[in-house]
Structures are given as C-alpha cells and as structure tokens.
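The values are calculated or read from the model by the stated rules, or taken from the named source; none is laboratory data. All of these numbers come straight from a predicted model, not from anything done at the bench. Glycine gets a Cβ as well: all are built from the backbone with ideal geometry, and neighbour counts include every protein chain shown. Note: accessible area is taken over every heavy atom of the protein model, side chains too, but ligands, DNA and RNA are not part of it. Shrake-Rupley method; radii C 1.70, N 1.55, O 1.52, S 1.80 Å.
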Amino acid sequence: AANEEAAAHLPDEKDTIDTELLLKRLEGDRELLAEMVGLFEGEEKTLARQAREALAKSDFRALARVAHTLKGAVANFGAGAPFRTAEELEAAARDGSAKRAEEASDRLEITLKRLGESLAPFRAGVPE
C-alpha cells in the first residue's frame, strides 16, 4: 500500500533514460552501454538492500551514503526521476528525518523499478 501511495506522487516518466545522450557520451559504443547496464543492475540490487537495512536500523549516516551512491549510479543514465528521488532520500537521511526518508525510499524503489524496465532492452546491446 505504501508503494502504491508513493507511486501516485511520481511524475509519469515513460522514458527514464536518454539513449541518444548516453550514446553520445559513450561515443556510440553500444557494447559499453550494455556493460554499464549489467554493472548497474548488480550494484542497484546491493545498494537497494543496503538502503532498506540502513532505514530499518535508523542508520541515517549509512542511508545518506547509499542514497548518494545510487544518485551517482542513476545519473550515468540521465534518469531524472530516480536521481531526484535518491537526492530526496539523501537529504532526508542527512536531516535524520525517518518519515521523509521512508517516503523517499518507497518512491525510490518505484523509480528504480521503472529505470530497470527501461534498461532491460539494453542488457545485450542497444537496439538500432
């Protein structure tokens, strides 16, 4: 229920990555993009677990560190919604606000899921 409520507060961003910008940054290297997606997917799962654990323990210092790392990871893909949500989580953790951190964490989980869905076609390479 909390995730559904959090989803209602998210902008509808169907295109959470900017493929054109990514390929420009990577000088058109589609294999590198596929590798980046694979690395991100593994890292994201670990970081999401660490964020949940830190939040459950009210370890705001660890939560801020994890949110900051996630923010950098999603920035590589030009993913605005997950970036902003990780930024909100980081700020809430730095402020020690459990309520804001929990709300931001719920929203981040949703935006990361959307990002993962948008990255799925690129696991084995970028479609032409």
Restrict the check to segment 91-98 and report whether at least one residue is under 21 Å from LYS113 (Cα atoms) and acidic (Asp, Glu).
no
In segment 85-96, is there at least one residue being modelled with pLDDT under 95, of a type in the set (Asp, Glu) and more than 11 Å from the chain's Cα centre (by Cα)?
no
Those residues of segment 58-77 which are assigned to a helix (DSSP H, G or I), small (Gly, Ala, Ser) and in contact (Cβ under 8 Å) with a residue 24 or more places away in the chain, in sequence order
ALA64, ALA67, ALA73
Filter segment 58-105 down to residues that are of a type in the set (Phe, Trp, Tyr) and under 30 Å from PHE122 (Cα atoms) and give me whichever is most open to solvent (accessible area, probe 1.4 Å).
PHE83
What pairs can you find where one residue is in segment 30-56 and closer than 21 Å to GLU88 by Cβ, the other is among the β-branched types (Val, Ile, Thr), and their Cβ atoms are less than 7 Å apart, with a gap of 6+ or different chains?
LEU47/VAL66; LEU47/THR69; GLN50/VAL66; ALA51/VAL66; ALA54/VAL66
